[in-house]
Each structure stands twice: as structure tokens, then as C-alpha cells.
Amino acid sequence: MSDYCELSNLTKIYPAPQGPAVIVKDFNLRIAKGEFVTLIGHSGCGKSTVLSMLAGLSEISGGGIILAGKELDGPGPDRGMVFQSPCLLPWMTAFENVMLGVEQVFFTASREERREIVEYYLSVVGLGEAMHKKPAELSQGMKQRVGIARAFALNPKMLLLDEPFGMLDSLTRYELQQVLIELWRKNKITAFMVTHDVDEALFLSDRVVCMTNGPEAQVGEILSVPLPRPRERKAVIEHPDYYSLRERLITFLEERAHRKDIDPSPREGRGRSRWRPVLERCATRSPSSLNGERAGVRG
Amino acid sequence: MSFLEISHVRKSFGESPVLEDINLSIEKGEFVAIVGFSGVGKTTLINLIAGLFKPDSGALTLDGLKIAQPGPERGVVFQNYSLLPWLSVYENIELAVERAFPNWPSARKRQHVERYIGMVGLTPAREKRPSELSGGMRQRVSLARALAMDPQILLLDEPLSALDALTRATLQDEISRIWQANQKTVVMITNDPDEGIYLADRVVPLTAGPGATLGPSFPIEIPRPRDRKTINHDPRFKQIRRDLIEFMLKSRSKRHIAITKKLVLPDIEPEDLSRPRRIFANRRARRRAEIKEELVEVQ
């Protein structure tokens with residue numbers, strides 16, 4: 001298979017008061033058409049930065065990305081994105097949320113055809129009955145199902161998944177991985193996922209790329225996952241190679257973990273939102289009037 | 001009679017039953033993990049044991065005494081830490097010690113608080129307020145606070161669900177170490193089967209609600225101390241993990257019905273939005289819409 005998506009010498013530099021901070025340096029990866037590749041690493045290592053450059057949401061500081069023979073420049077509907085939190089518009093129903101993107105890329109199709117596309121994908125992810133509910137009426141798992149349907153409905157060249165099940169409990173995560181793998185099997189869309197869940201990476205991917213810890217993060221080790229497809233949970237965890245692959249990935253992650261401080265101060269999840277610690281501090285800071293009370297408790 | 005005895009407990013909120021016919025006996029010094037999907041009533045169960053809720057029917061006894069209200073002999077660690085934001089690490093723990101041992105001389109109380117701060121490795125951060133701590137450190141404070149009351153039983157309500165994978169692994173090791181040193185009776189609620197198997201003597205699954213009940217116990221006879229990497233070679237680990245995950249997923253899928261449905265998917269390619277739109281373009285579908293037969297889940 002030929003290379004479909006090529007990331008060459010991809011580099012991300014953020015300006016910082018102490019001089020430029022190099023987050024990702026010379027990241028090289030080739031993805032074949034129809035392949036499912038997962039990038040694994042600890043939070044804050046720069047894996048989400050690579051993904052957001054691929055999505056066009058973050059500017060590329062050096063190197064470049066070629067997708068289907070064209071160099072990428074900015075975001076576009078040719079890449080369907082599934083975020084960690086589904087980011088649905090709260091005033092629209094599940095149907096309208098999916099239709100929003102479908103209307104953009106299928107503007108030449110008839111109204112009837114667009115409706116069929118949206119209904120098809122929402123039914124396949126198991127929301128046939130809940131299509132016309134608003135996000136507030138849906139559980140977290142169901143919201144993420146809408147997120148998956150929304151990405152697939154655009155029929156994108158590439159599917160990008162940023163820790164898609166990170167906010168769900170482990171058991172709901174298993175169910176949604178099955179939904180995702182089924183849909184992917186039918187569509188064979190080239191997929192690139194970022195995660196830190198070892199089992200998720202093994203269950204879904206053809207190849208798992210381990211990322212070294214930042215700063216100056218790059219590709220560490222690449223592991224092929226030779227588990228037969230179509231995959232089904234029980235058969236996968238009974239496969240004789242499964243637990244040795246699992247151990248290799250856990251070992252890689254643990255070795256990475258010991259290179260830095262065990263319990264980093266409130267900078268976990270830096271990749272996702274640099275503002276989170278600030279917001280948290282604002283939310284939990286006690287008003288100055290409490291200082292008096294504090295002294296009272298002490299005395 | 002066992003140390004903690006839960007017999008035929010039923011709890012409902014309004015019309016819908018949350019927990020039905022809960023029976024569980026826990027021996028002194030045992031570490032039991034209860035695994036379940038989110039939203040099935042795991043927290044309700046821990047609140048019943050903590051005495052924060054009263055059961056509709058059935059009874060809970062601890063050491064032969066009926067549980068009727070919260071008390072210092074049951075230490076609870078909540079998922080959201082529940083620390084007082086205007087108090088430092090030291091003061092948060094001191095508050096609990098003050099309540100549990102009001103008659104101790106102050107020197108003894110101070111020593112006691114410091115011992116538990118040391119146990120969770122927070123001595124350098126003892127004067128910090130919760131807002132200055134990372135999630136992992138906050139949960140350590142919460143754990144130290146519960147342990148400092150020297151409870152007969154420790155109740156952990158998804159203590160690690162809000163933390164990232166790396167911090168979670170570190171704290172799992174910490175809990176395992178502290179448990180081995182103290183040999184307290186522990187009931188831990190979790191949504192992660194792996195966490196339960198790694199830490200507990202016995203894992204009890206909670207079936208999917210509404211009307212959730214406890215499934216068969218899975219005794220974990222893997223010798224301690226356990227290692228996250230080498231555990232992957234243990235045939236007992238593989239066996240328990242497979243059976244537990246299968247049991248959990250089956251209990252949920254019983255509530256879902258899958259039907260075969262005819263759905264239409266128009267065969268249209270998405271438009272390239274980077275090119276200017278042609279106003280009169282009215283591209284037809286390439287072929288007649290495909291009618292697909294899909295197995296669809298009905299929620």
C-alpha cells in the first residue's frame with residue numbers, strides 16, 4: 001500500500017519567556033490508506049499537539065503534512081475529528097448536530113439524501129431511537145456516539161480521534177470501541193488516534209506508535225498489532241500474543257514515566273488546555289473574606 | 001457473622017429501583033472491589049455503607065452493629081476529594097483527627113497528623129491549600145484524612161477516576177502499599193476491572209441497572225506484591241480479566257436489543273470546500289442510493 005498520509009520532520013515550537021519551547025521535534029510517520037494508527041504517550045508529552053497539527057487546528061512550526069497528495073494548510077472537512085468531550089451544540093438535537101457538517105460538504109445533494117446520510121450514521125451507532133434528543137438528555141456515552149457519527153457522516157479522507165473515550169468509564173469505553181471498530185471496518189477510513197489507554201490502542205489499531213516524552217518529543221518505538229480482523233473483544237484478549245503486546249506497551253510507558261517527576265505539580269493535561277490550572281485556581285480560590293474565618297478555625 | 005454484612009438491601013429513588021437484593025459479606029482485613037458501569041448505583045451502595053443513605057429494606061451491619069448514620073469508624077474517600085479549600089493540607093487532616101479523638105493531648109494529635117501526611121508522601125506540601133495541589137496530591141490528602149481517623153473500614157468511592165493514567169498508576173501502588181502496612185478492611189468502588197483485579201482480594205461486579213444487583217464474586221489469588229508488568233504473564237490474571245469483562249458487558253447487553261433494519265445510504269462524495277462553490281451545481285448521486293441491512297442497537 002502506498003503512503004496516504006505523510007508527516008515529515010513535523011516540529012512544534014511555542015514562544016516562551018525563557019526562549020522558544022520545542023514541544024515536538026522532527027516527528028516522522030507514514031500512514032497507509034485504510035490503516036488505523038494509534039499514537040500513545042503520557043499526558044503532556046505532545047501527542048495531542050501532533051494531532052491538532054494534523055487537524056489544522058494548531059499551526060505547524062516546521063516540516064509538513066501531506067494527505068492524499070496535497071499539503072495540508074488549516075482545518076477542513078476532509079478530516080473528521082472526534083474530540084475527547086463530544087463538543088455538541090447544546091441547543092441542537094443529535095440529528096441537527098450531525099446535519100450541521102453534512103449540509104456543508106453535501107450541499108449539492110438533495111435534502112432527502114442528506115437526511116438519509118444523517119439517519120444512517122446515527123442508527124448505526126445505536127441512536128436510532130434517540131436521534132431527536134438534545135445533548136442534555138443523553139448520557140456521556142451516547143453523546144460520544146453522536147460525536148463518532150458526526151465524524152463518519154462527512155465521509156472524510158481521514159479520521160482523527162483525540163482520546164475519544166477518555167471521559168468514559170472503562171466498561172462504557174469497551175462498548176464504544178466496538179461501535180467504532182465496526183463502523184471503521186465498513187468504511188475503511190484511514191484513522192489516526194491519540195490515547196494513553198494500552199488496551200484501547202491494541203484493540204483498535206494496526207500499528208501503535210509510542211511517543212517519547214517532551215520536550216522535543218518524537219517517535220520512539222513502533223509496534224505492529226498482528227491481531228486478526230474483524231476484532232471482537234473476547235477473541236482479542238484470548239489471543240496468545242495479546243498479553244505480551246500489552247506488557248511491551250506498559251513497559252514502554254512506565255520507563256517513560258520514571259524519567260520525569262512521579263507526581264507533577266498541577267500541569268497534568270497540559271497538552272489539552274494550558275488554561276486549566278488557571279481556571280481551576282480561579283474556581284477554587286477562597287474569597288479573601290475567608291481569611292478571617294481561617295484564622296478563627298486555627299485559634 | 002462477617003465483619004461487614006449487607007443482606008437483602010434494596011434502595012430506590014422515587015419509582016425506579018436503583019439497587020435490588022444486595023447481599024455481601026466482607027471479612028475483617030479483606031480488600032473488596034466493586035466494579036460497575038457509571039450510573040448504575042455504585043455510589044449509592046457506598047453511601048449506604050457509609051450511613052449517608054438509609055436502605056428501603058434489608059439491613060447493613062458492621063461488626064454486629066446496625067449502620068444507621070455516618071460515623072468515624074467508617075472512613076470515606078470521595079471521587080471529588082471533598083477537601084475544605086480554605087484549609088491547608090495539615091489543617092484538613094487535623095480537623096478529622098480533632099473530631100475522631102477529641103480527648104487526645106495536642107502533642108499527640110500533631111504527631112498523629114504528621115505521621116499520616118508522611119505516609120502519603122506529602123510532608124513537603126503540608127502548608128499548601130488544595131487549590132495549589134494537583135488532582136493526585138489532593139486525593140492523597142483525602143486518603144490521609146480518612147486513614148488518620150483510624151477507621152475500622154475504609155470506603156473508597158472511585159478514588160482514582162478523575163486522575164490521568166500515570167498518576168492513577170502511582171496512586172494504585174500507594175494504596176496497595178498502605179493497605180499492606182495497615183491491613184484495614186477496604187471496600188473500593190471502581191469502573192475499571194483492571195484496577196479492581198490489581199488491588200483487591202476479591203472483585204464483585206455490580207450488574208447494569210436499573211435494579212442493579214451484585215454478581216458472583218471473583219477471588220483474586222494472585223500473590224502480593226503485584227507487578228503491573230509481570231501480571232500479564234499470570235494465567236489467573238488473564239482468566240479473571242476475561243471472565244469479569246465478559247460478565248460485565250453481558251449484563252449490559254441484556255438490556256439492549258439489536259434489530260436488523262433497512263437503511264438507505266446515498267452514494268455521494270463530499271464536496272471539496274476549498275474550491276469556490278458553484279451556485280447552480282446540482283450534482284446527482286453517482287449511483288442509486290444503496291439500501292443496507294444493518295444490525296442496529298435499540299437503546
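Of the residues making up region B:150-171, those that are more than 10 Å from chain A (Cβ to nearest Cβ) and either surrounded by 21 or more Cβ atoms within 10 Å (Cβ to Cβ) or of a type in the set (Val, Ile, Thr) (or both) are B:Ile153, B:Leu154, B:Leu155, B:Leu156, B:Asp157, B:Pro159, B:Leu160. For region B:115-133: of the residues being more than 19 Å from B:Leu171 (Cβ to Cβ) and at the interface with chain A (Cβ under 9 Å from one of its Cβ atoms), which is farthest from the chain's Cα centre (by Cα)? Of everything passing the filter in region B:115-133, B:Arg129 is farthest from the chain's Cα centre (by Cα). Restricting the first member to region A:242-257 and to residues that are at the interface with chain B (Cβ under 7 Å from one of its Cβ atoms) and of a type in the set (Val, Ile, Thr), and the second to residues that are crowded, with 17+ Cβ neighbours inside 10 Å and in a helix (DSSP H, G or I), the beta-carbon pairs closer than 7 Å and six or more apart or on different chains are A:Ile250/A:Val198.
If the condition is being of a type in the set (Asp, Glu), farther than 29 Å from A:Ala32 by Cβ and surrounded by 21 or more Cβ atoms within 10 Å (Cβ to Cβ), then region A:127-175 contributes only A:Asp169.
For region B:120-135, which positions are of a type in the set (Val, Ile, Thr) and either buried (at least 21 other Cβ atoms within 10 Å of the Cβ) or touching a residue at least 12 places away in the same chain (Cβ under 8 Å) (or both)?
So in region B:120-135, the residues of a type in the set (Val, Ile, Thr) come out as B:120, B:123.
If the condition is that a residue be of a type in the set (Val, Ile, Thr) and either buried (at least 21 other Cβ atoms within 10 Å of the Cβ) or touching a residue at least 12 places away in the same chain (Cβ under 8 Å) (or both), then B:Val120 is the only one that fits.
Of the candidates B:Thr230, B:Thr213, the single residue that is among the β-branched types (Val, Ile, Thr), more than 14 Å from chain A (Cβ to nearest Cβ) and farther than 25 Å from B:Pro151 by Cα is B:Thr213.
Which ones in region B:35-66 are within 14 Å of chain A (Cβ to nearest Cβ), small (Gly, Ala, Ser) and under 18 Å from B:Asp21 (Cβ atoms)? B:Gly36, B:Gly41, listed by residue number. Suppose the filter is within 21 Å of the chain's Cα centre (by Cα), more than 9 Å from chain A (Cβ to nearest Cβ), assigned to a helix (DSSP H, G or I) and touching a residue at least 24 places away in the same chain (Cβ under 8 Å); does B:Asp194 pass it? When the stated conditions are applied, B:Asp194 does not pass them. Restricting the search to region A:191-201, which residues are of a type outside the set (A, V, I, L, M) and in contact with a Leu (Cβ under 7 Å, 6 or more places away or on another chain)? Listed by number, the list holds a single entry, A:Phe192. Taking the conditions (1) surrounded by 23 or more Cβ atoms within 10 Å (Cβ to Cβ); (2) of a type in the set (Gly, Ala, Ser); (3) within 14 Å of chain B (Cβ to nearest Cβ) in turn, A:Ala191 satisfies each one other than (3). Going by the conditions given, is B:Leu166 assigned by TED's automatic domain parsing to the domain that holds B:Val76 and outside any loop (DSSP other than H, G, I, E, B)? Judged against the criteria, B:Leu166 is a match.
The values are calculated or read from the model by the stated rules, or taken from the named source; none is laboratory data. All values derive from a computational prediction rather than experimental measurement. Virtual Cβ from ideal backbone geometry, glycine too; neighbours counted across all protein chains shown.
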